[in-house]
Amino acid sequence: KMVKGYDIMDAAAVAEVAGLKITRGDYNRLHEGIYLNDVIIDFYLNHLRSAMPEADQKRFRLLSPHFYVSVRTSPQMAARKWEKETSFFEHDFLFIPISERKHWIVLVICYLRKLFDGVVKDANGVVKDPNKLSENPRILILDSNHTGNALGKVVLPKIRAFLDERLKFEKENLPQFSIPKEKADLKALNRTELKALVVQTPKQPNDYDCGCFMLQFIEEFTRAPPESAKDAVPEGCGAAAAVKRKALMKLLNEAEEQQKNRKRRIKQELQDMTLEPEREQSGQRMNGSPTDVAPTAAETLSEPQEKVHPADPSPEAKAEDSSVNKEKGDVMDAAAEVPADAKADSTDIDMAPAETEGGHCDNDVGQKMVVAAEAAEAPNLEGKPVELGAGVEGTDVVDTGIGSCSHSQTMELDASTQSSPESHRPVSIAVDP
């Protein structure tokens, strides 16, 4: 439903405050020219309650707009069901916001408890100060449209019926009911003792700002409770009520932003909880945790290791390997001057194909053997002799002392060495004992 160009039925959530869900449609009612609903009224009353000191919360009781709806339906049922764990007669002021005939007013019931102590009168039985609220309890009607007399006749009978039923209920069912039962007489709540009074208030300049004026009346009253009925609404209250919509918008914007921040914080906390195990593991690695330290040489040699089987070599690699194996005997003979006990049996070295990377040594002795292939004559794929010169990459370092070796690397042949006459030199192998 569009009012003044705004959708007041938009159900999109804006915020949730004290269990009260506020939608975009509720928020749109804060624009000029639109009647405030019970959600906005309840939202601001919650704000006033939360801002009160604890002592004031005991003095002032701000009832929800839904209270009068319940009373209007059935005063007897409301008396037994509405906040039945607390007393309505222990507070100095009861505020009852009422929406009747599309208009907001507020009833303030002052000093109910003192009705049972008796009104202070002089020797002639006359009330000493009829305007002093603390000595002469009243029901005040605050109405910014000055229709209090007419609306009073509609709402007051329901309110009085509720008070009668509530007094009987609390006497019988409320353990903390503090009024002596002999004094808790229904006669104290009759029209003669508990009179209603229409208070002169600033008048609203239009037909839709009644909710703003009512909220401002309640705020001013709780800020500085009056001594007499004529001072119930201070001067300047009307000007503040005229700009109440902006104050309400600001509060709702803040509530919406706080809720967004709360959702972001919860989301971040969930992410941190998810990442915490990974951070702990990372911290263990950084601190050298025993679970992350590399095994020692003794531990490696003492543990059986699975031998890595190379992948099947290509036909070209097979042909090259067979040529190399044919000349292995000549290579070993060239190192005959090396002592026999320093030689490593050729079967202890796995000749992995060129394309195989990684692997572990399977030796059971802690020797270090450096194989420096300065020159090795092997036929190329075209049948021409090719020799690895001293500057050709391909020298592998095999470290059997720690149980691991460097990756086997593909020997890249420089094309210039294929035609170099200096490349035909004898092959030598040096074994470091």
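Remarks
- Carbon-plus-sulfur accessible fraction, region 14-101 (probe radius 1.4 Å, protein heavy atoms only): 50%.
- Contact order normalised by residue count of region 176-252, Cα under 8 Å, 6+ apart, percent: 31
- A full extension of the chain between ARG223 and HIS31 corresponds to an added length of 66.5 nm, given 0.36 nm per residue minus the alpha carbon distance.
- Normalised per residue, the accessible area of region 42-257 is 48 Å², obtained with a 1.4 Å probe and no contribution from ligands, DNA or RNA.
- Beta bridges per DSSP, both residues in region 68-224: antiparallel share near 70 percent.
- Here the extension length gained between VAL3 and LYS102 equals 34.1 nm, from 0.36 nm per residue of separation less the Cα-Cα distance.
- For THR73, solvent-accessible area (1.4 Å; no DNA, RNA or ligand), Å²: 110
- In this structure LYS1 has an accessible area near 150 Å², from a 1.4 Å probe over the protein heavy atoms.
- Here is the list for region 8-73: GluC sites (Glu not before Pro) lying in DSSP coil, each with at most 14 other C-beta atoms within 10 angstrom of its C-beta, are GLU32.
- Cα-Cα over 21 Å, subset of LYS84/LYS168; LYS114/LYS203; LYS58/LYS203; LYS132/LYS153; LYS114/LYS181: LYS114/LYS203; LYS58/LYS203; LYS132/LYS153
The values are calculated or read from the model by the stated rules, or taken from the named source; none is laboratory data. Just so we're clear, the structure is a prediction, and the values are computed from it rather than from any experiment. A quick note on method: Cβ atoms are made from the backbone with ideal geometry, for glycine too, and the neighbour counts reach across all protein chains shown. Remember, those area values only see protein heavy atoms, side chains included, never the ligands or the DNA or RNA. Shrake-Rupley method; radii C 1.70, N 1.55, O 1.52, S 1.80 Å.
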